[in-house]
Amino acid sequence: MEKAADPTYQSNLPRRQVMTALIGTMFTMFLGSIFMTVTSTAMPRIVADLSGFSQYTWVQTAYIITESISLPLAGKLSDMYGRKGVLVIGMSIFVLGTLLSGFSQTMLQLIIFRGVQGFGFGAMSALGFIIVADLFPPQERGKYMGVMAGVFGVSTVIGPTLGGIITDALSWRWCFFLTTPLGIAIIFIFIFLFPTIKPTMEKRPIDYLGIILLTLFIVPLILGLNWAGSEYPWGSPVIIGLFIFSAVMLVVFINVERRAAEPIIPMSLFKNRMVSVSSIVVFLQGASFFPVMTFVPLFFQGVLGASATESGGFMTPMMLGMAFGSFLGGQILSRTGHHFRLQGTIAFGIACTGFFLLSGMSPTTTMMIATVYLVITGFGNGNLMPVHTIAVQNNVPYSQLGTSTSLIALLRPLGGVVGLALMGSILNHRFASSFTANISPEVTAAVSPETISGIMNNPQAIIDPTAYDNMRGVFENMGGNGLTLFDQLITTLREALSSALTQIFLIFFIICVLAMVANFFLKKNSPKVDKTPASSDKKS
């Protein structure tokens, strides 16, 4: 077993300070998760207000892109300058992005400010996982990651419902404004709670070239995926050029990382079977589960006709199922000897069942049945959350703990952004084709082609109550059978959106099955060793 030459800073702390550091980290995770869940139910109203249905997925995509770039950078900086400073800076950037998002007047502004948020959250999420591994030995990590999941569970109970209430009672902007003071308060609490620990290791160069190349790989890839089929045809020179450029940057990135003195992502990590297999698994899991949290509110509000408040209420059980699954998964890992492959297989089986059930929904599905399906999906995916992170942490030398943890933390949202981009393109295409194929000739004859095109590109009437009332008034003023035509149009819109979303849920099921197959290649369990550095003297 390799011993790290450099001691862990937190491992030298008395038990009281260890728990204080854990509490500070829990506060940061609460800040990030409460914001994500508050805004999730407001997103349909936001895109309706800013007329950005075609850019619906970009609001989340920008967030995940910058988070992906921030993750490895934050891990490296924390090794050099300490965890606390990087976390405080990350939280400050996150809060600034939150405030600016509330002032957005266009979709472009919102997308940019969400990118600022993502950059801050990347530092917060990376350090959260690393600090737990720093504070506790391998056999205890599952328990405390479960505790972190409990904090996440509290925020998921509060967040969706609170977001819906704020959106309906005030406006979506207050989802950003009201969380900003909370963020500022948590930053100050963290400054006082978290112990200041200076790194003792020799400062090493940051792999700036690696960061630039990683960015040049991620950004054109996501641009190509988002624009293909909506802005440009899949076979257009722009899309092909973006994909080729991204692929070239990936090859260059790998070659540079092989030769770098301190690579941001060492290629040698992938020689470790647990790391390489876990990387594939978490990427696929991210591609299936992360986008669901974006599309589910759209189904509730656009297909089932729920308000933002109701949508938030029905999202809560899924998030609770995810939080409970994460907590239970961590406890099982710690108490049963880290049977990663077995636990991953069972959890994927539950998650795949949930996705399959979601793919069978329709406009006639009751909200209660949809909620049950979401709980199953959330529980299965939540149970997976600690499995592969701990599998990697417990199977690498301590000197690579931060880097390997950041890698896993990077691949989940990266998978999410690829899945979200692909599904966003499929959503737009499938919705438009289904709407065009099923709209009644009577509606087409009564409404101008420009109006039909505008409704198809931005169907606010099935999301925004005000837009619904305005459109209903227009049809009512037609006289005769105007209201009948309006009802036909709304039904066609809901059925077209339902068809598009359920097709996406079926694709998520297929991706989940592929991830379960990859999970079979994990080792049965990790060696029962304690990789805490010998030089660390943990006091109780």
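Values quoted throughout were computed directly from the atomic coordinates according to the rules given, and no laboratory measurement underlies them. As the structure is a computational prediction, the values presented were derived from the model and not from experiment. Ideal geometry is used to build each Cβ from the backbone, glycine not excepted, and the neighbour counts take in all protein chains shown.
Annotations for the structure displayed:
- Peptides 462-471, 423-432, 377-386, ordered by how many other C-beta atoms sit within 10 Å of their residues on average, highest first, read 377-386, 423-432, 462-471.
- Angle in degrees between helix 138-169 and the longest Cα principal axis of the chain, rounded to the nearest 10: 30 degrees
- When the charge dipole of the chain is built from unit charges on Cβ atoms (+1 for Lys and Arg, -1 for Asp and Glu) and taken about the Cα centre, the candidate among I165, V387, P413 whose Cα reaches farthest toward its positive end is V387.
- Computed from backbone phi, the HN-Hα couplings of the range 68-78 come to 5, 6, 6, 4, x, 5, 5, x, 5, 5, 5 Hz, rounded to whole numbers (Karplus: 6.51 cos²θ - 1.76 cosθ + 1.60, θ = phi - 60°; Gly and Pro given as x).
- Its relative contact order, with pairs defined as Cα atoms under 8 Å and 6+ residues apart, puts the chain at 25 percent.
- Highest mean packing comes first when the peptides 297-303, 137-143, 439-445 are listed by Cβ atoms within 10 Å, giving 297-303, 137-143, 439-445.
- For the range 439-449, Karplus couplings with θ = phi - 60° (6.51, -1.76, 1.60), whole Hz, Gly/Pro x: 5, 6, x, 5, 5, 4, 6, 8, 10, 5, x
- C-alpha long axis of helix 292-302 to longest principal axis of the chain, angle in °: 20 degrees
- Calculated [θ] (222 nm, deg cm²/dmol) that DSSP helices of n ≥ 4 give over the chain, each run adding -39,500 (n - 2.57): -26000 deg cm²/dmol
- What separates the Cα centres of the range 395-432 and the range 112-141 is a distance of 15 Å.
- Relative contact order for the range 208-259: 48 percent, from Cα pairs under 8 Å spaced at least 6 residues apart, divided by residue count.
- Counting only Cα atoms, the chain measures 85, 46, 41 Å along its principal axes, largest extent leading.
- Per-residue Karplus couplings for the range 469-482, computed as 6.51 cos²θ - 1.76 cosθ + 1.60 with θ equal to phi - 60°, are listed in order as 5, 5, 5, 4, x, 4, 5, 5, 5, 5, x, x, 9, x Hz, Gly and Pro entered as x.
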